[in-house]
Each structure stands twice: as structure tokens, then as C-alpha cells.
Amino acid sequence: MNLTGPRRSTPNEDDATAPVELPHVLVTVAADGTLTATVDGTPFASPDAGDWTRATFGPLMDAITNDRTIAVRVEVRENDGSVFTDILRTRKPRRAVAPSETPAPETRRSRHARRVPRLAEVTAGGFVPGEDVAVATIVSHTDATGTGEARTLIDLDDLPDGTHEVILFGRISGTLAVRRLT
């Protein structure tokens, strides 16, 4: 005999920020790659009166979600009949951590962590918005922004001596940009 009631889960942080009923975004892809979008049945037009396309899918989602401040349910219907559904959640705000009142004892690792990096910014355009962009001499990866631009900061102390150029490679678009470190 079960004497306890049903288990109840405690709400997590995501439950507090997501509305009970999410806006429904329907994106229909035409044969020519243009997109039509509706939010809860209301057409969502491009702000520049042009057509939404596959290449502008990222900016479309940013516009609908108000730069990811609104969670939405997205349904994409391809012209071949396939359907993709996902939920775009809001970005979690970063929380500031209060400094400890009692300083931690200094260790070899903490002394090393105080080193100020020498950074170089490398920027190139022509990428598909949101695509993974490899940074070579591969020291890191970055994502393309909603405008199709990739940006990375490189700590010059992490590079082998004599390295003077960096390659940004779009994993989807195949865009390749070679930039000189200055």
C-alpha cells in the first residue's frame, strides 16, 4: 500500500521564465528557398519589405524572439513535406558573483590566472548566420552572428612563435578567410 502522495518535482529556473503557453511560430519554406513566417497565425513580415530566406533564418528568429528574450515554439515546414519542430528558449541572464569576503589562499594556479592575455581580434564576413566557424591555427571555435559575421579574440601568448596569420573557416558555408594578425 502506498501511503505517500504523488511525487512533485520542484520548479527549476527555466519554469519560472517560460510562459505557460508559448507563441507558435510557423515557418514555411518555398521551393525557391524563401520563407513565410507567422506568429500565432499572424504574418510576420521582413522589416526591410524583402523576403525572408534560408540565409536570414537566424535574423528572422532573432526578430520574432526579440533577441531571445521570448521563448517560442517553432515549426518549420519544408516544401518537400518534412516538418521540423523545436522550442527556442530565452537566453539565461548572467549572474554576477559577489566577491568572497575572505580571500582564498594564493596557489601556483591562482598566480598564473592573474596573467593578462595579449589579445588580437580577427573578423571576417560572408558566413551563414549562426554557423560554427573554425579558427585555425585551430586554437578555438566561434559562431557567426545573425548578420553572418564571425569574430574571435585570440590570446597571442597561446600561439606558437612565428604565427602571423589566422584562418576562419565556415563549417556550413565553406567560407574561408585568411587574416593577418596585427
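Only the coordinates and a few stated rules stand behind these numbers; no lab work does. Worth saying up front: this structure is predicted, and the values here are computed from it rather than measured. Counting neighbours? That spans all protein chains shown, and the Cβs are built from the backbone with ideal geometry, glycine included.
Rounded to the nearest 0.05, the FRET efficiency derived from the C-beta distance between residue 68 and residue 181 at R0 = 30 Å is 0.40. Kindly state, to the nearest 0.05, the FRET efficiency for residue 164 paired with residue 54, given R0 = 25 Å and r defined as their beta-carbon distance. FRET efficiency, residue 164 to residue 54: 0.10. Taking a Cβ cut-off of under 10 Å around residue 34, the surrounding Lys, Arg, Asp and Glu residues balance to a net charge of -1, with basic ones at +1 and acidic ones at -1. Listed values for region 119-134 are Karplus-derived 3J(HN,Hα) couplings in whole Hz (6.51 cos²θ - 1.76 cosθ + 1.60, θ = phi - 60°), namely 9, 10, 8, 10, 10, 8, x, x, 8, 6, x, x, 6, 6, 10, 7, and x replaces Gly and Pro.
Rg over Rh for region 117-180 works out to 0.97, using Cα positions for both radii and the Kirkwood form for Rh.
Label positions at residue 89 and residue 40, each projected 7 Å from the Cα along the C-beta direction, are separated by 2.3 nm. Based on the alpha carbons, how large is the Rg to Rh ratio for region 14-88 when Rh follows Kirkwood? Over the Cα atoms of region 14-88, Rg/Rh equals 0.97.
Put in order of Cβ neighbour count within 10 Å, fewest first, the listed residues 84, 57, 127 become 84, 57, 127. Just to confirm a number: summing +1 for Lys and Arg and -1 for Asp and Glu over residues other than residue 127 whose beta-carbon lies under 12 angstrom from that of residue 127, what do you get? Computed value for this residue: -2.
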